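Asks: Below is the structure I would like to discuss, written out as structure tokens.
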Amino acid sequence: DDHHAGRRRQAADEHQHRQALAARGQGQGQHEAVRVAPPEIAQELNLPRSTVFRLLHTLQMMGFVQKEGDERHFKLGPAVLSHGFEYLASLDIVEAAQPILQRLRDEMETTLKESRQLRTCRYFYAEGPESLESLMATKPATFETVDTAWDDVCLIAFTSGTTGPAKGCM
């Protein structure tokens, strides 16, 4: 429907913006603020400089951008964070996470094939009788807890292997 089509277009625009930031050496993994000068913005957006200055002034008054100490550059302001949280809260988290979940599932299946110890992987939001939801539905609604010690392992999570081989961590 139109709502989902709009979200897909917005996601594509955001992806394109992240790629542009990455090309400039900014974005993911970077902790330095993005700093831009009005002439750069005018050139990037193909707008007259006067229009860019008026837009920046309005955005500054609304808290979306702030002037840097040198008074020639701008960076994002606190209002961006506030609206970013509102946007994230409006998302269907499962829908937004599906591409990431699918990539992790694919990586886990590769690990499962290559591992001598790992025999089974189960997933939330999977199809069929072997999904976690289906298996949980076959169990009683209540259970008796097991006595544990403070140093018992309660969860083993596997990393994706983005910085090296995939590995289990406790």
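The values are calculated or read from the model by the stated rules, or taken from the named source; none is laboratory data. None of the values given here were measured: they were computed from a predicted structure. Positions of Cβ are generated from backbone atoms using ideal geometry, with glycine treated the same way; all protein chains shown enter the neighbour counts.
Asks: Are there any pairs with C-beta distances below 9 angstrom linking a residue in region 41-58 that is free of Cβ contacts under 8 Å to residues at least 12 places away in the same chain and outside any helix (DSSP H, G or I) to a residue that is surrounded by 11 or more Cβ atoms within 10 Å (Cβ to Cβ) and not charged (D, E, K, R), with the two at least 6 apart or on different chains, and if so which?
Replies: Note: pairs meeting the criteria are Leu47/Ile41; Leu47/Leu55; Pro48/Ala42.
Asks: For region 130-151, which positions are in a loop (DSSP other than H, G, I, E, B) and surrounded by 10 or more Cβ atoms within 10 Å (Cβ to Cβ)? Break it down stepwise before answering.
Replies: The first filter runs over region 130-151 and keeps only residues in a loop (DSSP other than H, G, I, E, B), leaving 130-131, 138-151.
If the condition is that a residue be in a loop (DSSP other than H, G, I, E, B) and surrounded by 10 or more Cβ atoms within 10 Å (Cβ to Cβ), then Glu130, Ser131 are the ones that fit.
Asks: I've got another one for you. Looking at (1) modelled with pLDDT under 90; (2) surrounded by 13 or more Cβ atoms within 10 Å (Cβ to Cβ); (3) not β-branched (Val, Ile, Thr), find the lone condition where Pro165 falls short.
Replies: Status for Pro165: all satisfied but (2).
Asks: Within region 68-79, is even one residue more than 19 Å from Ala37 (Cβ to Cβ) and within 24 Å of the chain's Cα centre (by Cα)?
Replies: Yes, there is a match, as at least one residue in region 68-79 is more than 19 Å from Ala37 (Cβ to Cβ) and within 24 Å of the chain's Cα centre (by Cα).
Asks: When region 152-166 is examined, which residues are found to be of a type in the set (A, V, I, L, M, F, W, C), under 22 Å from the mean Cα position of the chain (by Cα) and in a loop (DSSP other than H, G, I, E, B)?
Replies: Listed by number, the list holds a single entry, Ala166.
Asks: Right, something else. Of all residues in region 64-105, which are hydrophobic (A, V, I, L, M, F, W, C), surrounded by 13 or more Cβ atoms within 10 Å (Cβ to Cβ) and assigned to a loop (DSSP other than H, G, I, E, B)?
Replies: Matches in region 64-105: Phe64 only.
Asks: Kindly provide the set of residues from region 123-165 that are over 26 Å from Thr111 (Cβ atoms) and among the aromatic types (Phe, Trp, Tyr), ordered by number.
Replies: Phe143, Trp150
Asks: Which condition does Val94 not pass, out of (1) touching a residue at least 24 places away in the same chain (Cβ under 8 Å); (2) touching a helix residue (DSSP H, G or I) at 6+ places or on another chain (Cβ under 6 Å), if it passes all the others?
Replies: The failed condition is (2).
Asks: Let me ask you something else. Could you pull out the residue among Gly84, Gly69, Gly128 that is free of Cβ contacts under 8 Å to residues at least 12 places away in the same chain, of a type in the set (Gly, Ala, Ser) and at positive phi?
Replies: Testing whether each residue is free of Cβ contacts under 8 Å to residues at least 12 places away in the same chain, of a type in the set (Gly, Ala, Ser) and at positive phi leaves just Gly128.
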